[in-house]
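Read-outs: derived from the displayed coordinates by stated rules, not from any lab. Since we're looking at a predicted model, the values are computed, not measured. Because the Cβ atoms are built from the backbone with ideal geometry, glycine has one as well, and the counts that use them run over all protein chains shown.
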Amino acid sequence: MTQHAFQTEVQQLLHLMIHSLYSEREIFLRELISNASDACDKLRFLTLTEPNLSAGDSDYRVEIAFDKEAKTLTVRDNGVGLTEAEAIEHLGTIAKSGTKAFIGQLGEDQKKNAQLIGQFGVGFYASFMVADKVVVESRSARVGSDKAVRWESAGDGQFATESIERAARGTTVTLHLKEDASEFLDGWRLRALIKKWSDFVTYPIRMAKEDGKEQEQVNTGTPLWTKPKDGITDEDYKKFYQTSCRQWDDPATRIHASVEGRMSYTTLLFVPSEKPFDLFERERRGVSLYVKRVFIMDDCKHLLPEWLRFVRGVVDSDDLPLNVSREILQQAATVEQLRKQLSKRVIDHLLKLAQSSDDADKAAWAKIDASFGPVIREGIVTDHENKDRVSRLARWRSTWTEAEAGRVPTGLEDYIRRCPEAQKEIVFVAGPTLAAAKANPAIEGFVKAGREVLFLTDPVDEWVVQHLHEFDGRKLVDAAKGAGDLLDADAKKALEAKAKELEPFLGFAKETLTDVGEVRLSGRLADSPACLVADEHGVSAQMEAMMRRMGQPVPEQKRTLELNPGHPLVQRLSALHGDSARRPEVADGLHLLRDQAMLAAGGTVSDGAATAKRLQALLAKALG
Ligand code: ADP
């Protein structure tokens with residue numbers, strides 16, 4: 001016997017498995033059966049090119065047995081098996097970066113940990129929730145009967161392996177159950193668990209009948225997607241989603257379609273209702289590829305565009321060759337066609353939900369938008385083929401949705417439907433939070449003029465509007481950028497006249513505030529004294545703050561300070577400017593106006609210490 005230490009992450013995971021009081025520990029059986037089924041899948045796939053690997057036994061199956069006396073439970077398969085090196089590698093480390101990230105999230109809070117375990121398949125290691133010793137005996141389909149392996153561990157930081165003889169290919173996992181896990185030494189209980197968690201596993205899962213003599217198949221075994229739709233209940237779909245797609249939540253919606261024609265395929269796809277923690281791992285995909293019912297691969301990247309990475313399910317193609325490899329997948333025109341059709345199908349389905357007046361559809365869409373809205377909007381930038389239709393899925397809060405309780409986030413089509421005749425643009429403002437966006441003074445004039453303003457509060461949004469430019473012929477306009485063309489001809493004239501009158505004051509302001517590009521009178525303010533606006537192509541205050549936080553160089557840009565000529569503070573400052581003795585106070589006032597405008601727009605002040613000093617002086621004076 002050779003002793004090996006588990007990788008640190010595995011030790012952490014095992015510690016947790018053993019010590020957390022996890023109520024749903026029965027899932028260990030699902031995990032072991034999934035592994036057994038995966039092992040059969042892998043071998044079946046290999047035999048497409050190396051038929052002799054199955055050595056005459058292609059009756060793939062999983063067998064469950066228990067021994068009341070010995071207090072053991074075994075899960076056995078005739079799949080691909082493991083060599084000793086593979087056993088050390090796969091049953092001693094965690095390869096998937098997702099799992100590592102998962103362990104990183106585990107903390108002291110047992111309840112939270114249990115939830116996380118629930119949403120994450122912890123696989124083989126789940127055995128240690130119910131067993132104090134686990135023995136794995138396995139023989140790889142590639143080696144002879146004298147090269148099998150025995151692996152065992154008590155889950156205490158290390159495991160041992162040795163070479164053994166084993167006649168049959170495949171793997172037997174034997175759990176020596178803990179005292180408090182004897183409930184699993186019961187045929188009825190086990191059969192119920194198999195039905196509950198593993199009913200749609202493609203291979204027969206067999207167990208001895210209660211008389212102990214004959215074996216029977218416990219699971220239904222037909223892949224769900226091959227069944228006619230009208231024979232499938234919501235409950236069946238949910239079970240499939242949770243067990244085969246290894247999800248923990250309820251699906252928000254599903255697409256089940258059989259297509260025949262130039263392309264023939266069946267697909268069963270789900271959109272989850274909850275966000276997975278690895279949503280921003282762009283390489284992650286959740287769709288498995290089958291060819292003529294034969295499993296080909298998990299997480300197939302080529303079937304959906306990157307932004308649809310939250311979709312889960314299966315695609316079963318009749319057109320691809322069975323021995324399709326990853327290289328072929330990358331090039332095959334059929335795959336490209338399939339991807340186009342699937343993307344279209346998913347987008348159509350989402351559009352239908354988003355536009356539906358049915359309550360259930362609305363609820364489903366609300367969940368999808370809440371969980372995946374920002375990722376969907378990413379598609380506007382990254383999915384060139386479908387840009388237009390994806391942009392119809394984007395939803396934001398706006399001055400309209402906020403005006404009345406119960407209004408849900410709005411899309412661009414609805415925005416345009418509400419637009420007054422005269423309005424030719426779509427107005428938005430960006431901010432780090434909804435409250436900050438709503439409070440941005442730059443929107444005041446637009447609101448006063450009856451324009452609806454969209455609130456873009458996700459970091460992805462500014463990137464999105466930079467690429468969208470316009471929608472159905474209307475330009476997207478940032479309320480806090482550019483000249484803000486809101487005024488009619490008369491109002492413009494009046495503003496120009498006022499600017500002429502205040503020219504010396506405005507000139508003084510520009511000289512004083514060296515970091516602003518221009519100082520002018522504003523037509524976009526109603527209640528606030530001042531706002532800062534970027535030029536048409538500049539970066540918003542929020543984006544600038546984000547770049548600074550991320551330690552990125554912030555592009556050199558000077559904002560324009562706009563002053564509200566109708567505001568008493570501005571009027572007072574310009575009057576004081578006439579008295580040259582009071583100019584230092586005017587200068588301080590201008591600095592503070594500029595700083596508070598920056599803060600109001602969700603930005604940060606560049607010299608906090610100077611701002612604080614001016615505020616203190618002001619307070620001291622005000623308080624006498
Ligand atoms: P996952 O199945 O999510 O990859 P597990 O921890 O359950 O993670 O299993 C780790 C690895 O061990 C599997 O990826 C597989 O390579 C191997 N393995 C587990 N069970 C079996 C089995 N019954 N037959 C062959 N290989 C197995």
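What does the helix-only formula give at 222 nm for the chain: each DSSP H stretch with n ≥ 4 adding -39500 (n - 2.57), the total divided by the residues, and the result rounded to the nearest 500 deg cm²/dmol?
Result for the chain, helices only: -12000 deg cm²/dmol.
What distance in nm separates the two pseudo spin-label positions at Leu569 and Gln557, each 7 Å out from Cα along the beta-carbon direction?
2.4
Taking every pair of alpha-carbon atoms in the stretch 115-195, what share in percent sits in each 5 Å bin, from 0 to the bin with the longest distance?
Bins of 5 Å from zero give 3, 13, 17, 19, 20, 16, 9, 3, 0 percent of pairs.
In whole angstrom, how far apart do the alpha carbon centroids of the stretch 368-426 and the stretch 123-175 sit?
A separation of 54 Å, based on Cα centres.
Divide the volume of the convex hull of the Cα atoms of the stretch 1-48 by its number of residues and quote the answer in cubic angstrom per residue.
That works out to 131 Å³ per residue.
Once a ≥ b ≥ c are taken as the square roots of the eigenvalues of the Cα gyration tensor of the stretch 2-217, is the result rounded (a/c under 1.5), prolate (a/b larger than b/c) or oblate (a/b not larger than b/c)?
Oblate shape, in that a/c is at least 1.5 and b/c is the bigger or equal ratio.
What does the stretch 395-478 give for Rg and for Dmax, in Å, if only its C-alpha atoms count?
Values for the stretch 395-478 (Cα only, Rg and Dmax): 11.8, 32 Å.
Just going by the charge dipole of the chain, with Lys and Arg at +1 and Asp and Glu at -1 on Cβ, which of Ala499, Leu412, Met17 is farthest out on the positive end?
Going by the Cα projections, it comes out as Ala499.
Considering the stretch 469-524, what Rg and Dmax in Å follow from its alpha-carbon atoms?
14.6, 44
So, in Å, what gap is there between the alpha-carbon centers of the stretch 278-357 and the stretch 497-542?
Cα centres, the stretch 278-357 to the stretch 497-542: 52 Å.
Whole-Hz ³J(HN,Hα) for each residue in the stretch 368-383, computed from phi via Karplus 6.51 cos²θ - 1.76 cosθ + 1.60 with θ = phi - 60°, x for glycine and proline: what do you get?
The phi angles translate into 4, 5, 5, 7, 10, x, x, 6, 4, 5, 3, x, 4, 7, 8, 10 Hz.
Restricting everything to alpha-carbon atoms, can you work out Rg to Rh for the stretch 224-361 with a Kirkwood hydrodynamic radius?
Radius of gyration over Kirkwood radius for the stretch 224-361 works out to 0.94.
Can you give me the long-range amide H partners of Gln158? Hydrogens built in the peptide plane at 1.01 Å from N, cutoff under 5 Å, separation of 5 or more residues or another chain.
For Gln158, whose amide H was placed from the backbone, the distant partners under 5 Å are Phe6.
Apply the Karplus parameterisation 6.51 cos²θ - 1.76 cosθ + 1.60, with θ equal to phi minus 60°, to every residue of the stretch 240-254 and state each ³J(HN,Hα) to the nearest whole Hz, in sequence, with x for glycine and proline.
4, 4, 6, 8, 6, 8, 6, 10, 10, 9, 8, x, 6, 7, 9
In percent, what relative contact order does the stretch 492-622 have, based on Cα pairs under 8 Å that are 6 or more apart in sequence?
28
Each label point is 7 Å from the Cα along the Cα-to-Cβ direction; what then is the distance between the points at Arg189 and Ala581, in nm?
Here the modelled spin labels are 9.4 nm apart.
Can you order the peptides 88-94, 244-250 by their average number of other Cβ atoms within 10 Å per residue, highest first?
In descending order of packing, they fall as 244-250, 88-94.
Which cross-chain or sequence-distant (5 or more) residues have an amide H under 5 Å from the amide H of Ile426, H modelled 1.01 Å from N in plane?
Here Lys475, Leu476, Val477 satisfy the definition.
Taking R0 as 41 Å, what's the FRET efficiency between Ile18 and Glu402 from their Cβ-Cβ distance, rounded to 0.05?
0.25
Can you give the % of DSSP beta bridges in the chain that are antiparallel, to the nearest 5?
75
Using only the alpha-carbon atoms of the chain, report the extent along each of the three principal axes, biggest first, to the nearest angstrom.
105, 58, 42
Would you please give the FRET efficiency between Glu9 and Leu495, computed as 1/(1 + (r/R0)^6) with r the Cβ-Cβ distance and R0 = 45 Å, to the nearest 0.05?
0.10
To the nearest 20 debye, what is the magnitude of the charge dipole of the chain about its Cα centre, counting +1 on the Cβ of each Lys and Arg and -1 on the Cβ of each Asp and Glu?
Rounded to the nearest 20 debye, it is 800 debye.
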